[in-house]
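Below you'll find the structure, written out as structure tokens, and then a few comments.
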């Protein structure tokens, strides 16, 4: 693993903190949305947009850009915040989440949001779209990588495993899945609703390479992405162990915070906690 | 008997020819290529042919994904599986983002015959028609198929094209190329009744028209190969020139061609209509021609429908 620059980590940690604050602000303003899964994915999505993805804000449709798909589309606040902070659209749009006439739909619409590579929201679909993009790169002889972030609950969907099989068939060593493994789905713990373990073995048996990281540790996140940029033999999944609601004490590991907005008191506390970090 | 060829075969040949011409054309298949005839393309262009196995849902969204890289995917399987197993995938990941994916499917209607209900697609036209951004069409013979398959490539956005398993008589001159999505073909004008048919039923409508003419009834025949966008101009003209209409489709009479035509006439003209098609029922295993007779889609049934409409009027 290559040495990670401490300065970079500090910068990205600050960025992720800002992203979390914006997520809470927009969900509070909208009084609806999914904070838990947005916060658990925040460190990884921040790293992708501010260090890893080869993208050009002035050319959102640039043919050779890396692709990112947030397959767990309900966590789109984290995607919207990163795209806005990157400059794909004005930050003011973030205050118009889930409102008529706005571009920021309750679940992401690629036709409305600049820089957003795939419509998602119905679970279990993003990996198939990623397979298509990675196949497109191979067919056209382009070098870009396709990153797909999956929720843990959503891999209950059979189509995920269809996609996993096909990624192996076509030897998609340009496709990277990241599992936001916070172990909570809408109705409860993954281990109770639909047990996923032994998860790494499942992916290995589908002929994927498996990496496991702490999804909130910038050194580990950067390390795994750098390694994969240098060399990737097969389709690879990064199983990122995360905490649902990460950064807001009363939301952490609480299934109730899958899909509801904080009230005023909760909002103030969340912002206070995030700013103190 | 005139020459007959299945439209799946015409599709397979056309796709192969297009592969040479259009280098950005790719084909997705779900393990039925020898049946849907995409095997011809596969042999000629293996690098642009992706057999996704028996996994239609993954195939459909992978096609959506590849279309965003600028390639133009034709997705092939049986109509019943594309339209229902992968229905949400089509609706949310192809039609909603208006992606350039062509869903070109064989075994439309009762044409899989002896395979039975599991393989017959008799609701797909209705389902696909209700999805925004979709173009939905079924060519009536091999000549129309060749043209419409290429036009599907040329237009932007999602298209659902349905073909037959069984051979269909060639009804158009081989050099006819002026088929356009959303533009019906008037095969014959009639003053008393007009038969509006789609796909494999156009031939049966022509046969029915011959019988009706012999009985002294002036009968028109329209090939409404595209049910969406619907050729309203043609329907309006039919309403002004004729007294009643029979729609004929190899599909449930709910929501498909009959539904579309009735919706139009209910809002714009008070024209009597009768719908010939599957009467909200499943069929069964049997030879295609026998199924048409048993389930009321034969030329004789079309004649009966026309006569009953006209007798009601008199």
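Starting from the 7 Å offset along Cα-to-Cβ, what nm value, one decimal, do you get for the label separation of residue B:156 and residue B:304?
4.9 nm
Counting only Cα, what are the radius of gyration and maximum Cα-Cα distance Dmax of segment A:166-277, in Å?
Answer for segment A:166-277, Rg first and Dmax second: 17.1, 52 Å.
For the ranges A:227-236, B:181-190, what's the packing order if you count other beta-carbon atoms within 10 Å of each residue, average per peptide, and put the highest first?
Final packing ranking: B:181-190, A:227-236.
Just counting partner chain Cβ atoms within 10 Å, what average do the residues of peptide A:116-128 show around their Cβ?
Per residue, the number of nearby Cβ atoms from other chains is 5 on average.
Can you tell me what share of the DSSP beta bridges in chain A is antiparallel? A percent to the nearest 5 is fine.
Looking only at bridges with both residues in chain A, the antiparallel portion is about 10 percent.
Hey, what did chain A get for relative contact order, percent, Cα under 8 Å, at least 6 apart?
Taking the mean separation of contacting Cα pairs over the length of chain A, I get 24 percent.
Would you mind computing the Rg to Rh ratio of segment B:1-86 from its alpha-carbon coordinates, Kirkwood style for Rh?
0.99
Extension gain residue A:91-residue A:62, at 0.36 nm per residue separation less the Cα-Cα distance, in nm?
So the chain would gain 8.2 nm between residue A:91 and residue A:62.
Of all beta bridges DSSP finds with both residues in segment B:185-307, what is the antiparallel percent, to the nearest 5?
15 percent
Over its Cα atoms, what ratio of radius of gyration to 2.2 N^0.38 Å does segment A:68-147 give?
Against the empirical 2.2 N^0.38 Å value, I get 1.15 for segment A:68-147.
Once the Cβ-Cβ distance between residue A:168 and residue A:253 is put in as r, and R0 is 35 Å, what FRET efficiency do you end up with, to the nearest 0.05?
So the FRET efficiency works out to roughly 0.55.
Hey, what D do you get for segment B:79-140 in µm²/s if you plug the Kirkwood alpha-carbon radius into Stokes-Einstein at 4 °C and 1.567 mPa s?
108 µm²/s
Averaged over peptide A:155-167, how many Cβ atoms belonging to another chain are found within 10 Å of each residue's Cβ?
Per residue, the average neighbour count from other chains is 4.
Each label point is 7 Å from the Cα along the Cα-to-Cβ direction; what then is the distance between the points at residue B:290 and residue A:227, in nm?
6.4 nm
On average, how much area does the Cα convex hull of the protein assembly as shown cover when viewed from any direction, in nm²?
Value for the protein assembly as shown: 28.7 nm².
To the nearest whole number, what is the average tally of beta carbon atoms from other chains within 10 Å of the beta carbons of peptide B:51-58?
If you average over the peptide's residues, the count of other-chain Cβ atoms is 6.
Can you tell me how much longer the chain between residue B:98 and residue B:54 gets when fully stretched, taken as 0.36 nm per residue apart minus their C-alpha distance, in nm with one decimal?
Separation in residues times 0.36 nm, less the Cα-Cα distance, equals 13.3 nm.
Would you mind getting the Kirkwood hydrodynamic radius of segment A:1-70 from its Cα pairs, rounded to one decimal in Å?
Kirkwood hydrodynamic radius for segment A:1-70: 13.8 Å.
Can you give me the distance in nm between label points at residue B:88 and residue B:241, each placed 7 Å from the Cα along the Cα-to-Cβ direction?
Label-label distance for residue B:88 and residue B:241, simple model: 4.6 nm.
Which percent of the Cα-Cα distances in segment B:205-262 go past 18 Å?
The answer is 37 percent, as a whole percent.
Once Rh is set to the Kirkwood radius over Cα pairs, what Stokes-Einstein translational diffusion coefficient, in µm²/s, holds for chain B at a temperature of 10 °C and a viscosity of 1.306 mPa s?
Translational diffusion coefficient: 82 µm²/s.
log10 I(q)/I(0), Debye, Cα-only segment B:4-169, no solvent, q = 0.14, 0.21 Å⁻¹?
Reported log10 I(q)/I(0), two decimals: -0.60, -1.52.
Give the calculated FRET efficiency between residue A:194 and residue B:180 to the nearest 0.05, with a Förster radius of 41 Å applied to their Cβ-Cβ distance.
The computed FRET efficiency comes out at 0.25.
In the protein assembly as shown, what % of DSSP beta bridges are antiparallel (nearest 5)?
Counting DSSP beta bridges with both partners in the protein assembly as shown, the antiparallel share is about 15 percent.
In Å³ and rounded to a whole number, note down the convex hull volume per residue for the Cα atoms of segment A:6-276.
Convex hull of Cα atoms, per residue: 115 Å³.
All of the numbers you see were taken from the coordinates with simple rules; none came from a lab. Worth saying up front: this structure is predicted, and the values here are computed from it rather than measured. Note that each Cβ is placed from the backbone with ideal geometry, even for glycine, and that neighbours are counted across all protein chains shown.
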